[in-house]
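This report concerns only the one structure given below.
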Amino acid sequence: MERYNPSSIEKKWQQQWEADGLYRSRVDWDRPKHYAVTMLPYPSGDLHIGHWYSMTPPDAHARYMRMKGFNVLFPMGFDAFGLPAENAAVQRNIHPAIWTAANVERMQTQLRSMGCMFDWEREINSSDPSYYKWSQWFFQKFFEGGKAYRGSAVVNWSPSLQTVLANEQVIDGKDERNGQPVEQRRMEQWFYSITDYADELLSYDGIDWPSSIEAVQRNWIGRSEGAEVVFKTESGDEIEVFTTRPDTLWGATFMVLAPEHDLVGSVTTADHAADVEAYVEATKGRSELERMENEEKSGIFTGGFAINPVNGAKVPIWIADYVLMGYGTGAIMAVPAHDGRDFEFARAFDLDVVPVIEPPEGLVAGDEMQDAYVGPGTMVNSGPLDGTPVTEEKGRKNPSVAAAIDFVEAAGTGKEAINYRLRDWLISRQRYWGGPVPMLYRKDGTVDLVPAETLPVVLPEDVEFLPSGRSPLTYNEEFLATEDAEGEPARRETDTLDTFMCSSWYQYRYLSPGFGAAPFDPEEAAYWLPVDDYTGGAEHGTMHLLYTRFFTKAMRDLGMFEDTKEIMDAHGRDTEGIFDEPMLRLKNQGQILGAERGGDTLLIEGALEGSVFKARSVSVVGASDQGDGDIRGELMGRTENILRVGHDGQVVTVEVPEDAVVDIPAIHGPNDVSQLRHHLEVERMSKSRGNVVNPDELVEAFGADVVRTHLMFAFDWTKGGPWDPSSINGSQRFIDDVWKLGRAEYVSSGGTADRGLLRQVHQTIAKVEHDMDEFSFNTALAALMTLRNAMATVLRDGSVSSSVWSTAIETMLLLLAPIAPHVTEELWSLAGRQESIHLATYPVSNTELAADDEISLIIQVNGKVRDKIMVSAGISSEEAEAVALSSEKVEDWVEGKTVRKVIVVPGRLVNIVVG
RNA sequence: GCCGGGGUGGCGGAAUGGUAGACGCGACGGACUCAAAAUCCGUUGUCCUUAGGACGUGAGGGUUCGAGUCCCUCUCCCGGUACCA
């Protein structure tokens, strides 16, 4: 028998499938459709094991759906705009387009080696003018439809990236990509009105998304119920504040404005102007990060006062940077007695603290409070509302909040309000490598659309990149000079679109990537939409996954699905709510992490010089080897020639000068510090950590089928985990065994085990089918391995008839085909089949054949297993009870005791309760 | 702090309230081999020397005939988010 040789088999079939057009997906209204999308990669240059992990299991699921009779569309593309390409251009003087194209080409080859059923005729590339033309078209339609606008706002500016960023791209005051701090600046930018959809985005009706993503998005949208209240100032201004606790209005003893607040100037009195100006200036220079790291409250008095609308009290107006311009109205009423931040501020600046909620344990005077009180109680010092109970409920559900809202509404000084943490989506970027915002500025300063018939606004290719990173569009006169619709000279917008905008609608471009009349062909859309299964990483929860939901809803409201809907109606599809959400089901995969690895054990000689230990010699020894040295321990980490060595329970820093001797017995020839192996934690893979797993090497060593199988078997797909280099052996053995079973000359010695093997075959079908539906690949493979074990035994003893053997082999191949497409195709073909196994019909589990005729009846005494007896599967409860009570083993446990109760679980167990 | 998710053998992981640890890795013993690899057979939660039994799913309590699974309290880990008024 020839040995299993994946390298020849896999290449052969990949070419064959391509030649046969096996993966072309065409509209066919006579067949049910299944549209599966997996998040498209950024063309960074090399395919990572994470790409395999995120793509091959969904591919197996898509293949499974096709064998189940669905017409499946499973496309692939590239999210090709973005900063890395531009940085490469600045650093290495390669044009982003060239850099990107080269990476795309390389990754296409690598993607093909996975053996996925991608329909390459539908490939998209977001940096292609034929694609971004439509991104620009969407922008213009959104603008015309009132869902995109240019506005001034305090935004996140990244000095290192030389661009603004969306709120979603800033975490802990740092840019989410490269971790550099961002600043707050007031700037004119382009926005999408995602906040108009805040409430609708909070609903997940009709879609099946992980609860964790729902939670993350709910959190991000941050809906809070409360009231807006207006405070009049002595200078005649009105300061609007949002509060979730209008029931504490009577305790508002001062107000605080954000330093960027519009009214700062007019409420500030002349004698305080200089101080205020200095403070505002000082906070401006501080990055968001610095603001947060500074735990002490800072602020300054404006000299101005406002009138508390509920009790007429005169309250001082302060400015402090703990009040954020980006949330609510950028101004707050401060209730130090019942808000921790306000309390801290009041104590720092010696402001009044007036409690207005009496806790159950009694009122503490404001001067004596140690902390703000935020619990339930009763309203006091609150005039007409005294005595109203305060609960821990939010919004109107809390009687005190409800009473306070009613009170301010009646008085005309406020109204019920809902506030969101979500900001409008900032989509303009001051960078080159993106789709140009298709707008222009007329001479008179007004903004207009670039005439639609001239789209796309093409990125000029002949540009010069400056080391500053400043966008070449801003100094490219050829690009800048243009004309408006009337032929008058105008200047182009130089901002480009956020790449997240490009990826907000790509699931629609896949449907007809070459379509010229619209972003997508309604004939295709009517059949394929919506996306049935979407897969990708959970880290996109507040970004891409939120944006794409918004985008689809906005498209719906702008009537962009009307043509599609008409065709759907004509075909009798139910279109109710069908364009409310882009993706019906979402599955998030986990992440593959680097494996933990011990570092070399080092023996170091040298001397302490100042605070560092300077080494004369460093040698690698066995962990149990004896030997004398000044320092002995595991190498925990290394930066250049500085080692961190575990020694006597602590970590010692060792410097290895160039003239020190490094000896690594395992590596012949001259050794240096860079060859030492340091300890690796379980953590994300990255080149700098040296813990990356290269999928190309794995494919080389094991074949794509084994790599695919292993990625699906070794982890719970939704969780991921550390990569264990040795466990892939099990998947290799499995595929090798399937090969052997498929190639074996089976010699039957009778059919004694026919019934048993057939039962197992049909039980396996049911199990695998169920697990594939749920993306539970690891348990599906466990079931297939169990069948493999049974078949290996049968192959040795010949205990089934030849026809049953054939059925078992055939079923094994069919069930495994979506997971390991090449080896199953090869065996299918070698068995004389003319048509591809991937076009075959999925096996159907026969309930009768799958039924057990004997079961192991579990017999418990007081809930503990005491005996197991094989009985007929159809045993009645009475019989089961009789069998249990007559068990000898049970007798020992029941003897001398009274049987109080007998519980029978039909077909499973009998529990005898004695006492 | 708040919101998710989780804690099960040496490891990855299985278990509609009903035999805990399926399946696999690793390890150990054996066969084959001059030898090694590969392959094959067997063992493998802990403890009691065994038949057999006791214990065992982060800790403690509860519900139940029966709890890894449901409820309460606590604890630790991972992820998200945070001066959000």
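The values are calculated or read from the model by the stated rules, or taken from the named source; none is laboratory data. All values reported here derive from a predicted model rather than from experimental measurement. All Cβ positions, glycine included, derive from the backbone under ideal geometry; neighbour counts span all protein chains shown. The protein model used for the area step is the full one, side chains on, heavy atoms only, and it has no ligands, DNA or RNA in it. Shrake-Rupley method; radii C 1.70, N 1.55, O 1.52, S 1.80 Å.
Numerical summary
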quantity: Residues with amide H under 5 Å from that of A:ARG186, placed H, sequence gap 5 or more; calculated: A:VAL155
quantity: Options A:THR811, A:ALA753, A:THR709, ranked by Cα towards positive dipole end of segment A:679-824, top entry (Cβ charges); calculated: A:ALA753
quantity: Nonlocal amide H pairs with A:ALA595, under 5 Å, H built at 1.01 Å; calculated: A:TRP723
quantity: Folded to 0 to 90 degrees: helix A:754-773 orientation relative to chain A principal axis, Cα; calculated: 10
quantity: Above-threshold pairs, the threshold being 31 Å between Cα atoms, out of A:LYS587/A:LYS687; A:LYS33/A:LYS740; A:LYS33/A:LYS767; A:LYS767/A:LYS897; calculated: A:LYS33/A:LYS740; A:LYS767/A:LYS897
quantity: Added length on full extension, which subtracts the Cα-Cα distance from 0.36 nm per residue, A:GLU523 to A:ARG689; calculated: 54.8 nm
quantity: Per residue accessible area in Å² of segment A:80-157, where ligands, DNA and RNA are left out and the probe is 1.4 Å; calculated: 37
quantity: Interchain or long-range residues, amide H under 5 Å from A:GLU483's placed H; calculated: A:ALA490
quantity: For segment A:704-717, Karplus couplings with θ = phi - 60° (6.51, -1.76, 1.60), whole Hz, Gly/Pro x; calculated: 5, 4, 5, 5, 4, 4, 5, 4, 8, 8, 7, 9, 6, 4
quantity: Computed lengthening from A:TRP29 to A:SER152, 0.36 nm per intervening residue step minus Cα-Cα distance; calculated: 39.4 nm
quantity: Computed Kirkwood radius, in angstrom, where 1/r is averaged over Cα pairs of segment A:170-224; calculated: 13.9
quantity: Largest-first ordering by accessible area, 1.4 Å probe, given options A:ASP262, A:ASP630, A:ASP172; calculated: A:ASP262, A:ASP172, A:ASP630
quantity: Alpha carbon convex hull of segment A:795-888, projected area averaged over orientations, nm²; calculated: 9.9
quantity: Straight-distance crosslink candidates among lysines, where the alpha carbon sits under 24 Å from A:LYS141 and sequence neighbours closer than 8 are dropped; calculated: A:LYS133, A:LYS443, A:LYS553, A:LYS565
quantity: Accessible surface of A:SER127 - all protein chains present, 1.4 Å probe, nearest 10 Å²; calculated: 20
quantity: Computed Kirkwood radius, in angstrom, where 1/r is averaged over Cα pairs of segment A:500-576; calculated: 13.4
quantity: Accessible carbon and sulfur surface of chain A relative to its total accessible area, %, 1.4 Å; calculated: 48
quantity: Translational diffusion coefficient (Stokes-Einstein; Kirkwood radius from C-alpha pairs) of chain A at 37 °C, 0.692 mPa s, in µm²/s; calculated: 98
quantity: Under the Karplus curve 6.51 cos²θ - 1.76 cosθ + 1.60, θ = phi - 60°, whole-Hz ³J(HN,Hα) for segment A:169-174, x wherever Gly or Pro sits; calculated: 9, 10, 10, 6, x, 10
quantity: Over chain A: helical MRE at 222 nm, DSSP H runs n ≥ 4 each giving -39500 (n - 2.57), nearest 500; calculated: -10000 deg cm²/dmol
quantity: Efficiency of FRET from Cβ geometry, A:VAL844 and A:MET870, R₀ 41 Å, rounded to 0.05; calculated: 0.90
quantity: Share of pairwise Cα separations in segment A:29-164, more than 20 Å, in percent; calculated: 61
quantity: Förster radius 22 Å - calculated FRET efficiency between A:GLU658 and A:VAL612 (Cβ-Cβ, nearest 0.05); calculated: 0.90
quantity: Computed accessible area, A:TRP893, all protein chains, 1.4 angstrom probe, square angstrom; calculated: 110
quantity: Principal-axis tilt of helix A:340-349 within chain A, Cα atoms, nearest 10 degrees; calculated: 40
quantity: Cα-projected label distance for A:GLU562 with A:GLU888, points at 7 Å along beta-carbon direction, nm; calculated: 8.5
quantity: Those lysines that a straight Cα-Cα span of less than 28 Å connects to A:LYS284, excepting residues fewer than 8 apart in one chain; calculated: A:LYS174, A:LYS232, A:LYS297
quantity: Debye equation applied to the C-alpha atoms of segment A:743-827, log10 I(q)/I(0) at 0.11, 0.12, 0.23 Å⁻¹; calculated: -0.29, -0.34, -1.10
quantity: Phi-based couplings in Hz for segment A:64-81 (Karplus 6.51, -1.76, 1.60; Gly and Pro marked x); calculated: 4, 4, 5, 5, 7, x, 8, 7, 10, 10, 9, x, 8, x, 10, 8, 9, 8
quantity: Rounded to the nearest 10 Å², the accessible area of A:ARG632 at probe 1.4 Å; calculated: 70
quantity: Stretchable slack from A:ARG733 to A:GLU234, in nm (0.36 nm times residue separation minus alpha-carbon distance); calculated: 171.4 nm
quantity: Trypsin sites (Lys or Arg not before Pro) restricted to DSSP loop in segment A:855-915 with at most 15 other C-beta within 10 Å; calculated: A:LYS897, A:ARG908
